[in-house]
Each structure stands twice: as C-alpha cells, then as structure tokens.
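Notes to accompany the following structure.
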Amino acid sequence: MHQNLLTLEEITHNDLREVFKLSQEYKENRGRVFPKPLEGKSIGMIFSKSSTRTRVSFDVGIYELGGHGLYMEESKMQVGRGETIADTACVLSRYLHGIVIRTFKHSDVVELAKHSRIPVINALTDEFHPCQTISDLFTIHELSDSLEGVKITYLGDGASNMANSLILAAKFAGMELIISSPHDYQPRKDLMDKELGHGSATWEPDPVKAVENAAYLYTDVWVSMGFEDESAERVKKLKPYQLNMQLLRNAAPDAKVMHCLPAHREEEITSEVVDSPQSIVLDQAENRLHVQKAILTMMIGQN
Ligand code: CP
Ligand code: NVA
C-alpha cells in the first residue's frame, strides 16, 4: 500500500481487495483470534475536530492489534502555538510508527505527510474522509458482493467531504453515483471531471429523479464541522433533499439507507428512515473498526 492514505487516490484495486479480505477476517474472528501486527508500535492520533466513531474505532483497533495509540488534541500541541507542521512531522517521525489525523484544512494533512517519514492516515478533513468511504465500500460489498454497476444516490451537500470522497470511490470502484443537491451545493467540478476508473458520478438536482432505481441512498449532515456559521442558510436550501419515507419509496424496493453518522434526525434524515429495517447505518459504523484494522495492518503492521 502507498505510504499515506489522504484521499482515495492512493489506493489500488489490489489494495482494496486485500483490505476487504483482511477486514472480513478481522470481523469474523474478533474475540477469537488475536493477531498483533502492531506489537511494539505507537500510533499518534491527532484530532482537532470532534469525533465519536473515528476516535473510538481507531483507539480500539490499535489496541486489538497490539499497538499503542496516543490521543493528541491539536490545540494542546505546540503546533497550536506556532510550531510548523513540517517541524512537527519531522519530530513525530522520530517517536511514532504512524499518524492518524483529523483536522480542518486538507492542505495541512498534505503538508504533514510531505514531511513525515511514517505513514499518515487522514481521519477526516474539510475535503475528504477516506476511512469512512473505504469502510462504506466494504459494507456495500458485504451486501451486493460486487461493487461493479451498483447505483448509489447521495443526497444533500454535494460538496461535503463525504460527497467528495464518494465521487472518487464510485469512479474507482465502477459504481454509478448520482449526487442530488441544490445549485449552491453542487459537487466539485474538478472531482466530477477526474478520470479514476470506469465508474460514473453525475449531478441531478431533482431528488425524486435522483433516487429512482437506486440500490443505496446515502446522506450526511447538512452542516459539516467547521461550517456552523452557514447553518441557517444550509438548512433552508437543503430541506428538499431530506431523506424521508416518501423519498425512500421512490428508490428500488429493497434500497438500503446509508449515513456516515452522526445523524441530525429530522434534518437530513427522518428517524423513521434511519431506524427502518432498510437502514444499514450501524453496520457502516461497526465496519469502521474492522476496515481500519485492515488498513493499519497493511500500512504500518507489515513494515
Ligand atoms: N462518521 C464519523 O467519522 O463519525 P465521527 O465524527 O463520530 O468520528
Ligand atoms: N460531513 C461531516 C462528516 C462527519 C463524519 C462533517 O465533516 O462534519
């Protein structure tokens, strides 16, 4: 695997097959078999945004693989008081065997990776959330077996970190992605134009048309972390894209409902939908653990 995981562009098809295989093994054998590929290895977890799933699944995953995870709040590090990212990267490379980082600017993670001699894993930036997306591909693969030609519709903020990551994932994995959002929250042109595989990503502003025949419906919060100042405007403009029972009935009859969580119930998704038998949101959350264990093993445990 590539030294870093910053978007989805570092991943090859072989990597993805191996991640799926290992994730499945870890999932089936959890609590019965205890491989320790991270024994003697320390992984820094730098967080400057809130997290429940990512923080806990990485912490537990590192522990289960025999490694040591150090949780570090960016505001309590010297980088929060003016030390450069480059100096931070060089110093941390002398102590640690890998860095997991969640922050605002994607360019900060790129800068950290540029100066690090150890693997850097993006645990979410304003622009991309690759760990979530690879886990989501695994969740879809568990249900649909092949990702090839799977139709998935994403509703909501078409330029969010999740939308951006799903565009790359769909193209790479050969899926058919429809992004349904209002004009003001359209998907990024540079990502829509990117050639990354034979999958497709298209924009459809009409949510009813967008969900037609979709096997998977995906949504995410309308106000991502860091965009709180725009809350009122976003909630108003994104209202027609709420994933509710009425919209769900327009998708394929057994369509599955996905959400990276946290959900803002009765905003982007209704409780009726998120708690319905068609919802697989808790499987998505669980798979974060198995998939990240596979990623950590391949990026850090095999060196
Ligand atoms: N889905 C996800 O990344 O959740 P957290 O923000 O709780 O980590
Ligand atoms: N788009 C959301 C994802 C949270 C996991 C955010 O960035 O807040």
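Only a single criterion out of (1) within 16 Å of ligand 1 (Cβ to nearest atom); (2) in contact with a Phe, Trp or Tyr (Cβ under 7 Å, 6 or more places away or on another chain); (3) among the aliphatic types (A, V, I, L, M) is not satisfied by Ala169, namely (2). Taking residues in the range 261-276 that are within 15 Å of Ser160 (Cα to Cα) and within 16 Å of ligand 2 (Cβ to nearest atom), and partners anywhere that are open to solvent by 20 Å² or more (accessible area, probe 1.4 Å) and among the basic types (Lys, Arg), the pairs with Cβ atoms closer than 9 Å and at least 6 places apart or on different chains are Leu261/Arg53; Pro262/Arg53. Every condition in (1) outside any helix (DSSP H, G or I); (2) more than 16 Å from ligand 1 (Cβ to nearest atom); (3) of a type outside the set (Gly, Ala, Ser) holds for Lys114 except the one numbered (1). Do we have any residue at all in the range 231-253 that's among the aromatic types (Phe, Trp, Tyr), over 17 Å from the mean Cα position of the chain (by Cα) and open to solvent by 60 Å² or more (accessible area, probe 1.4 Å)? Among the residues of the range 231-253, not one is among the aromatic types (Phe, Trp, Tyr), over 17 Å from the mean Cα position of the chain (by Cα) and open to solvent by 60 Å² or more (accessible area, probe 1.4 Å), which makes the answer no. Considering Glu142, Glu127, which residue is away from ligand 1 (no atom under 12 Å from the Cβ), part of a loop (DSSP other than H, G, I, E, B) and either acidic (Asp, Glu) or under 19 Å from Phe58 (Cα atoms) (or both)? Being away from ligand 1 (no atom under 12 Å from the Cβ), part of a loop (DSSP other than H, G, I, E, B) and either acidic (Asp, Glu) or under 19 Å from Phe58 (Cα atoms) (or both) holds for just one of Glu142, Glu127, which is Glu127.
Quick check: is even one residue across the range 211-221 open to solvent by less than 10 Å² (accessible area, probe 1.4 Å), in contact (Cβ under 8 Å) with a residue 40 or more places away in the chain and aromatic (Phe, Trp, Tyr)? Looking through the range 211-221, at least one residue is open to solvent by less than 10 Å² (accessible area, probe 1.4 Å), in contact (Cβ under 8 Å) with a residue 40 or more places away in the chain and aromatic (Phe, Trp, Tyr). For the range 81-97, the criterion of being at negative phi and in contact (Cβ under 8 Å) with a residue 60 or more places away in the chain is met by at least one residue. In summary, Lys293 fulfils each of the numbered conditions (1) away from ligand 2 (no atom under 16 Å from the Cβ); (2) within 17 Å of the chain's Cα centre (by Cα); (3) under 15 Å from Glu142 (Cβ atoms) with the single exception of condition (3).
The values are calculated or read from the model by the stated rules, or taken from the named source; none is laboratory data. As the structure is a computational prediction, the values presented were derived from the model and not from experiment. Note that each Cβ is placed from the backbone with ideal geometry, even for glycine, and that neighbours are counted across all protein chains shown. Keep in mind that these areas ignore ligands, DNA and RNA; they rest on the heavy atoms of the full protein, side chains included. Shrake-Rupley method; radii C 1.70, N 1.55, O 1.52, S 1.80 Å.
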